[in-house]
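Written out below as structure tokens is the structure these notes cover.
The values are calculated or read from the model by the stated rules, or taken from the named source; none is laboratory data. For clarity, every value in this text was computed on a predicted model and none was experimentally measured. Cβ: placed from backbone, ideal geometry, glycine included. Neighbour counts: every protein chain shown.
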Amino acid sequence: MIFKSKIKSIYSILHMSICVVKKNTLLYLDENLVKEAKKSNINISKITENAIKHYLFNSASTGERASINFGRYLATLKEEKRCFTYPFKLEDVELNCIGIIDGLKTQLDKFNVFMGNHGTAKTTVVRSIVYTLGSSEPNIERLLKSNEPEGQIRLNIISEEPIILKLKRDTNGEIIKQEKIGCIILDDPGAEFDEENFKKLLNYLRRLDAQIIMTSTPKFNDYFNPDDNMIDMNIFLKKG
């Protein structure tokens, strides 16, 4: 595939610190523009090279761009309120009369996936957990509907290890916060991915020293491991 080789080229350009072979290329540029550039000592080749890199990167799909740097992709999801990290792990989660969920109670393992089609309250589970942990403030009406007298969210936290927060100064004197991540919660992180890049995302997440709690749709069901904790959301929805 031409596009796949293009993405591999982008990855090499961005991440490999080897000697790059240069090639003479004929470019048709405005003569006066070139003269002005030379007067200002502008490196036309470098500008052209950077412009091509930028164009190739932006023409790639979300999954292809994310696969270049998954760490940066998770940072983007954090800004979008689709990724949350905590210095501890969760033992279980229980929801009663929350959204369209009748009752949900499940143990949590190392790698957990709340699986279901759109409209099966996967995001409700994420919102409920992070709201209870004080990381987000969703519309309460999305958690407890007006026709429900009460509801409950219950979490059990595993506290085997101490929670450690380190503060360090960088070379500019800025204080950097460093904490060990025990749990990462992701709301449909592969929503815009194709199968190949979704598998790469799963491999990246498995290499992290953290508990993973994520949501996904059945189209990626075959890419999870047999020992993953797969939670079918359909069995927890309100009947009628």
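Kindly provide the set of residues from the stretch 21-65 that are touching a Ser or Thr at 6+ places or on another chain (Cβ under 8 Å) and modelled with pLDDT of 70 or more, ordered by number.
27
For the stretch 192-223: of the residues being touching a Ser or Thr at 6+ places or on another chain (Cβ under 8 Å) and outside any helix (DSSP H, G or I), which is farthest from residue 70 (Cα to Cα)?
Looking at the filtered set, the residue picked out is 215.
Looking at the structure I just gave you, is residue 135 touching a strand residue (DSSP E or B) at 6+ places or on another chain (Cβ under 7 Å), farther than 28 Å from residue 221 by Cα and of a type outside the set (D, E, K, R)?
yes
State which residue is modelled with the highest pLDDT when the search covers only the stretch 108-155 and only residues that are within 18 Å of the chain's Cα centre (by Cα), of a type in the set (A, V, I, L, M) and within 20 Å of residue 89 (Cβ to Cβ).
The residue in question is 113.
Hey, could you check the stretch 77-124 for residues that are of a type in the set (S, T, N, Q) and surrounded by 15 or more Cβ atoms within 10 Å (Cβ to Cβ) and say which is nearest to residue 187 (Cα to Cα)?
Taking the candidates together, the pick is 123.
Against the conditions (1) free of Cβ contacts under 8 Å to residues at least 40 places away in the same chain; (2) under 21 Å from residue 82 (Cα atoms); (3) exposed (fewer than 14 other Cβ atoms within 10 Å of the Cβ), where does residue 174 fall short? Just the number, please.
(2)
Can you name the residue in the stretch 66-89 that is in contact with a helix residue (DSSP H, G or I) (Cβ under 7 Å, 6 or more places away or on another chain) and not polar (S, T, N, Q) and, of all such residues, is modelled with the lowest pLDDT?
Step by step, filter the stretch 66-89, then rank; the result is 66.
Condition first: of a type outside the set (Asp, Glu), modelled with pLDDT of 90 or more and touching a Cys at 6+ places or on another chain (Cβ under 8 Å). Can you find one or more residues in the stretch 91-101 that meet it?
The answer is no, given that none of the residues of the stretch 91-101 is of a type outside the set (Asp, Glu), modelled with pLDDT of 90 or more and touching a Cys at 6+ places or on another chain (Cβ under 8 Å).
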